[in-house]
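Peer 1: My structure is below; once you've seen it, I'll send some questions.
The values are calculated or read from the model by the stated rules, or taken from the named source; none is laboratory data. Here the structure is a predicted model, which is why all the values come from computation and not from measurement. Cβ: placed from backbone, ideal geometry, glycine included. Neighbour counts: every protein chain shown.
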Amino acid sequence: MPTPGSIQRTYLVLLLGNTLAASLIWGINTIFLLDAGLSNLEAFAANAFFTAGMVVFEVPTGVVADTAGRRVSYLLGTVTLAASTLLYVLLWRIRAPFWQWAVVSILIGLGFTFFSGAVEAWLVDALKATGFTGGLEAVFGRGQVVTGAATLGGSVAAPIVVASEVPPWIGALDVLILAGDDSGDPALVSAAATGVRRGARVVVVAPYEGPLRDATAGRSVSLAPRVWVRDDFRLARYLAAGLAVLQVVDPGLQVDLAALADELDAEAFRNSAGRELFTNPAKTLAERMSGRDVVLAGDNAATLALARHAAAILLRIAHQAVAAVGLADALVAVHDGMGAHGAGLAGADHEMAIFHDEQIDGPLPRRVRTFVLATDAERPVVVARVSGLDGVDVINSEDVPQVSDVPQAAVAPATGRPEQQLAMLAVRLEMTATYLRLVRG
């Protein structure tokens with residue numbers, strides 16, 4: 001049998017769930033609208049239509065709750081919010097015009113008004129039915145506390161946006177990290193000046209000199225490198241700086257940067273020039289890429305970004321053009337015959353290549369090899385997806401040759417967090433590009 005205490009707990013749980021779900025959207029809604037193609041004015045106008053919908057429909061939905069019942073009103077709110085939220089995502093995918101965003105925003109406001117009156121009216125009636133004699137103000141006050149906590153909890157996890165230029169919505173509540181190689185880059189200088197002017201916290205992970213230093217005018221934090229390295233090899237520095245900033249913004253994110261540096265040093269040692277081919281992961285990769293057309297693939301945003309970085313490094317250092325694509329695109333190409341026709345070594349042709357004489361038959365066509373970058377956790381799934389395909393290799397941080405006469409601690413890397421694994425792969429691919437450059441001369 002319901003009691004006043006159970007009724008209040010149910011009320012607070014409903015408030016917590018609804019407010020937390022909504023606040024998760026509020027924190028990124030403006031960014032979401034801008035990404036959908038709306039201008040700043042249109043994005044804020046769409047939010048205004050949402051508020052207008054709540055104002056306009058507050059009384060009519062209250063009438064529905066009083067006449068048709070609280071349960072009907074609550075169910076109508078659930079259906080309306082579910083349908084309008086799906087439309088919201090659909091508009092983003094098709095990059096719909098502003099008027100459609102205005103209509104859907106009003107519908108979302110309608111969905112919330114179905115909830116507001118129904119839940120509070122149900123609470124009052126249910127407490128009276130169970131003989132509650134306390135004051136309703138205290139119950140509603142606890143509801144406000146829960147609502148505030150849910151709003152803060154849902155929006156405190158700030159989004160991370162990677163952009164080639166400063167976002168138009170940057171403001172005093174944002175942290176702006178500037179990463180680059182050129183202190184005179186107009187995009188970096190403009191971003192620094194905009195961030196400082198709008199009160200954002202600016203962190204400079206670039207040469208702090210010239211126009212960039214003048215633009216910040218001492219109102220930024222510079223994370224200068226301790227050791228100079230070539231611009232091509234600065235990804236690890238950018239990653240470490242980003243992780244350091246994230247630890248300050250979100251203390252719950254704990255990353256041991258010293259341990260990360262030790263692992264990267266160990267990875268560089270494993271790939272050093274003094275190690276032979278069969279004990280050196282970078283040399284092994286270079287040998288597998290040499291004389292072939294290379295495709296680098298990733299199955300998520302992180303590994304795809306690493307593939308693009310590796311493609312850029314291979315082009316800049318090894319002077320080798322490499323394609324960087326998503327795993328789905330690579331698999332489509334392989335299934336369409338990229339490995340068979342482009343390589344000329346599939347099926348029976350592979351055996352024929354053993355007896356191939358370049359002076360009589362001419363040179364073999366260049367072979368295509370696809371390397372799929374993956375974290376340790378993803379590797380089993382990725383291996384299953386590429387199983388049975390020729391010319392496709394899966395590479396992860398533990399893809400290290402096993403050597404009996406070398407201590408295992410000096411050969412095999414320790415399994416770590418995903419960012420550590422990707423950083424180790426980045427160092428390995430950078431060393432691979434260096435060895436390919438030495439082979440090409």
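Peer 1: Any chance you could count how many residues in the stretch 179-192 are crowded, with 17+ Cβ neighbours inside 10 Å and part of a helix (DSSP H, G or I)?
Peer 2: Qualifying residue count, the stretch 179-192: 4.
Peer 1: What tally of residues in the stretch 210-229 results from selecting those that are under 17 Å from Ala241 (Cβ atoms) and part of a loop (DSSP other than H, G, I, E, B)?
Peer 2: Within the stretch 210-229, residues that are under 17 Å from Ala241 (Cβ atoms) and part of a loop (DSSP other than H, G, I, E, B) number 8.
Peer 1: Do we find that Gly195 is crowded, with 20+ Cβ neighbours inside 10 Å and part of a helix (DSSP H, G or I) in this structure?
Peer 2: So Gly195 fits the description; yes.
This table checks each residue for (1) farther than 30 Å from Val162 by Cβ; (2) surrounded by 20 or more Cβ atoms within 10 Å (Cβ to Cβ); (3) touching a Pro at 6+ places or on another chain (Cβ under 8 Å).
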| position | (1), (2), (3) |
| --- | --- |
| Ala46 | no, yes, no |
| Thr78 | yes, no, no |
| Ala83 | yes, no, no |
| Arg93 | no, no, no |
| Ala96 | no, no, no |
| Ile108 | no, yes, no |
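Peer 1: Taking the residues in the stretch 115-134 that are in a helix (DSSP H, G or I) and β-branched (Val, Ile, Thr) as candidates, determine which candidate is nearest to Val63 (Cα to Cα).
Peer 2: Step by step, filter the stretch 115-134, then rank; the result is Val119.
Peer 1: Any chance you could count how many residues in the stretch 251-282 are over 19 Å from Tyr238 (Cα atoms) and surrounded by 21 or more Cβ atoms within 10 Å (Cβ to Cβ)?
Peer 2: The qualifying residues number 5.
Peer 1: Among Gly391, Gly337, Gly344, which is modelled with pLDDT under 75 and either within 17 Å of Ser290 (Cα to Cα) or surrounded by 14 or more Cβ atoms within 10 Å (Cβ to Cβ) (or both)?
Peer 2: The conditions single out Gly344.
Peer 1: Condition check: outside the structural domain of Met424 (by TED's automatic domain parsing), surrounded by 13 or more Cβ atoms within 10 Å (Cβ to Cβ) and either under 30 Å from Leu425 (Cβ atoms) or touching a helix residue (DSSP H, G or I) at 6+ places or on another chain (Cβ under 8 Å) (or both). Does Val204 satisfy that?
Peer 2: yes
Peer 1: Give the residue, chosen from Ala321, Ala266, Ala305, that is of a type in the set (Gly, Ala, Ser) and in contact (Cβ under 8 Å) with a residue 12 or more places away in the chain.
Peer 2: Ala266
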